[in-house]
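Step one of this worksheet: look at the structure below.
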Amino acid sequence: MHNHLEALLKVSMALTGSLKLTDVLQTAIDGAVDALSLNTGAIYLLAQDELLLGATTPPLPPGFPDEYSRARLNDHPHIQQCLLSGETVFIQNCQLEQFTPEEHGVVEARGLKSVLYVPIAADDDSIGVFIVGTTAETSTFQPIDEKLCRTLSYQVALAITNSRLYESVQVANVQLEKTQARLADAQIVAKIGSWEWDVTVDTLWWSDEMYSIFGLSPGKDTPSHDRFMELVHPDDRMDLSKTIEDALGPAGSGSVEYRIVRPDGGDRYIYAKANVVNDSEGRPLRVTGISQDITDRMRVQEALTKSSQLAAVGQIASGIAHEINNPLATIAACTEVLKERVPHIDDESDRREKRTEYLSLIDEEVCRAALIIEDLLDFARVRPLDLRPVELSELIESTVNLMRIQSKYSDCNFEVSTNCDHPLLVADRERVRQVLIVLISNALESMPSGGVVKVACRNDDERGQIEFSVSDGGVGIREEDLGKLFQPFFTTKIMDKGTGLGLSIAHTIVSNHGGEILVDSILGQGSTFTVRLPRDEKQNK
């Protein structure tokens, strides 16, 4: 009995002291053989339809048959019976037992007289077999001996389960380390950092690349929401705070572009995308997301924009001579005629009418030349937006009134519909007015015989925008010309009626406000230009 307890204690200590399976298996089989006063034993582990030797005592001598280390389960029916039934199998006299050739080879090589097979099971599944035997003389195993082997096999099953679990954890850890290394490399290449904000305790976790993007050191700087907002460019903090507030609300996610100022003074452009995880009652728990340094892309876009503007200026330079020379030629001709007639001025009415006509032509052509120059300057120069709250309905009304008083449009009427509830924008008022003037002027000029210009605005709650439109019943635009309308110097008007810069300038103004301008036209029936601009949600609440 004392030997039995000592064997169990050794195996228990091996289980708690080592996760190395071979050590535990060897301790278990050695303890069983000693406790039962036997002289041979082995533990086999089941691997699908094969038996793999896990431990043996005494050690195998050189040249021992390979069948003892690795064997097919079907070639060992006694072991197979033990595993299938889950019961011990005892053979008191191996000389009298019927064995398969493979079993007989092992019995002979080991010199077995008596042998006991005990199943090793985990979660009701057989995973191996515990074998003890004697080579000196036949033996009879007592119930207490079988109970010891059963207990040891149970402990071995625990050891096998723990070892396999440990090995799977080790493999998973290695794979995790590889995945984390690959992710870190990918984040460096793509300049993408990942982060997680625990809203409940206001703690922020950053990946290494986040520190790199923001110019901080992982070992020295501790990220927090306040520290993060300090690094955001002052001009972008309000918009970013609004985006975060929206994401923590019903939206549940969002993306935004903003600028940061790093501790070294360098500025970077950042694109961020986030997802909010809520509790069962819809309250935000944490926010996970990524942030990408898009500075290089933005610099390229700025360079391309500047390059496009320079190219356009070159295009202007090549076409400006023709555009300006036409009105200047008219002015010069009228001036010559007046110079010839000045010495012969009399009071005849027809001569007075001619002089008036020539002077009117000079005035018109000077105005047209000035308009060309103004459009050229508006197109070529880049001026910052003066963003302030603007009430769109009032701006539309005042702009329409301005256009009404121009006598050359006296044959046209206006219908104004401003169905916006407190339609406030944060925009450059004069730039938006300039867009309205361009669109209304084009609508008026498309109806030389008169007509109705319809100007309307409305809230688009689905998109979070305010849109206004200008419609006319004029000549319309050919389908093939629709894609060219916003290109510099493209015009559908006759040569002396436009510069081809108005819509291009309007498109630039709208884009700089983060909006879009759309056109719908049917040839011979008229056109509708629609401008969509972001709504100032804070002001409209």
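The values are calculated or read from the model by the stated rules, or taken from the named source; none is laboratory data. What you see is a predicted model, and the numbers here were worked out from it, not measured in a lab. All Cβ positions, even for glycine, are placed from backbone atoms using ideal geometry, and neighbour counts span all protein chains on display.
Values for this structure:
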item	result
Residue list for region 76-121, filter: in contact with a strand residue (DSSP E or B) (Cβ under 7 Å, 6 or more places away or on another chain), part of a helix (DSSP H, G or I) and more than 22 Å from Ala47 (Cα to Cα)	Arg110
Test: residue in region 138-145 that is modelled with pLDDT under 90 and under 60 Å from the mean Cα position of the chain (by Cα)	no
Evaluation of Ser469 against (1) under 14 Å from Val519 (Cα atoms); (2) crowded, with 20+ Cβ neighbours inside 10 Å (one fails), failing number	(2)
Leu392, sole failed condition from (1) at pLDDT 85 or above; (2) closer than 23 Å to Gly476 by Cα; (3) not β-branched (Val, Ile, Thr)	(2)
Exclusive hit being modelled with pLDDT under 80 and either not assigned by TED's automatic domain parsing to the domain that holds Asn39 or not aromatic (Phe, Trp, Tyr) (or both), set Ala181, Ala121	Ala181
Output for region 246-273, where each listed residue is closer than 15 Å to Asp293 by Cβ and in contact (Cβ under 8 Å) with a residue 40 or more places away in the chain	Ile260, Arg262, Asp264, Gly266, Arg268, Ile270
Test: residue in region 144-160 that is assigned by TED's automatic domain parsing to the domain that holds Gly31, part of a strand (DSSP E or B) and small (Gly, Ala, Ser)	no
Arg259, sole failed condition from (1) closer than 30 Å to Arg388 by Cβ; (2) at pLDDT below 90	(2)
Residue selected from region 453-473 under the condition of a type in the set (Gly, Ala, Ser) and in a strand (DSSP E or B), by the criterion nearest to Ser417 (Cα to Cα)	Ala456
Within region 498-524, tally of residues that are assigned to a helix (DSSP H, G or I), modelled with pLDDT of 85 or more and either β-branched (Val, Ile, Thr) or under 33 Å from the mean Cα position of the chain (by Cα) (or both)	7
Test: residue in region 122-129 that is aliphatic (A, V, I, L, M), in a helix (DSSP H, G or I) and touching a residue at least 12 places away in the same chain (Cβ under 8 Å)	no
So Arg458, is it touching a Cys at 6+ places or on another chain (Cβ under 8 Å), closer than 26 Å to Leu385 by Cα and in the same structural domain as Ser504 (by TED's automatic domain parsing)	yes
Close pairs (6 angstrom Cβ cut-off, 6 or more residues apart or separate chains): farther than 16 Å from Leu439 by Cβ and at pLDDT 85 or above in region 399-415, surrounded by 11 or more Cβ atoms within 10 Å (Cβ to Cβ) and of a type in the set (Val, Ile, Thr) anywhere	Asn413/Val452
Residue list for region 23-75, restricted to those being in contact with a strand residue (DSSP E or B) (Cβ under 7 Å, 6 or more places away or on another chain) and of a type in the set (Val, Ile, Thr)	Ile29, Val33, Thr40, Ile43, Thr56, Thr57
Test result for Ala42, crowded, with 19+ Cβ neighbours inside 10 Å, among the hydrophobic types (A, V, I, L, M, F, W, C) and in the same structural domain as Asp125 (by TED's automatic domain parsing)	yes
